[in-house]
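Data first, discussion second: the structure below is written as structure tokens.
The values are calculated or read from the model by the stated rules, or taken from the named source; none is laboratory data. Quick caveat, the model's predicted, so the values are computed rather than measured. Don't worry about glycine lacking a Cβ; one is built from the backbone with ideal geometry, like all the others, and counts go over all protein chains shown.
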Amino acid sequence: MWAFPDKKGRPCCLIPEATALFQERCAELLERQPERMFFYIARCYRYERPQAGRYREFSQFGFEYLCADPDFAARRSQEIVTGFFDSLGLCYEIDTAARRGLSYYLNGRGFELRCTELGAQQQVVGGGAYREGAGFGIGAERLLLAMTAQGLS
């Protein structure tokens, strides 16, 4: 997380990913409608040294499926993202037992899609189930790198 004071000394933070924003409002959203789906695009930031395929500022395409059954939402999220990658003609590997370091995922378990042509930074999608549903985030810049590496751009 990239936290700093602004010019007036107020605390500021640039978001490292967008799913946590949905976590804050999940209960309220589900009260109004028991099943909801969201797509979003967010600018996100990392406070670490940039590397090939890992930038300080990046775009995240995301999907969140809020419902009472996180396992169903996780399966549906995986179907949506693999269908998207298949429609692009991308070759990928899916790891459905990936350990995610974000505290809101149930038991730390999640899933990742990787494009091995990218080497050390091959994770293009990360997602998983949480108490109110499931979702995933796609790193737009890595998606473009994967498409280029596979000759699809």
Scanning the stretch 93-117 for residues that are touching a strand residue (DSSP E or B) at 6+ places or on another chain (Cβ under 8 Å) and modelled with pLDDT of 90 or more gives GLU93, ILE94, ASP95, PHE111, GLU112, LEU113, ARG114, CYS115, THR116
Counting just the residues of the stretch 8-54 that are in a loop (DSSP other than H, G, I, E, B) and at pLDDT 85 or above, which one comes out nearest to GLU132 (Cα to Cα)? GLU35
Looking only at the stretch 60-70, decide whether some residue is acidic (Asp, Glu) and in contact with a Phe, Trp or Tyr (Cβ under 9 Å, 6 or more places away or on another chain). yes
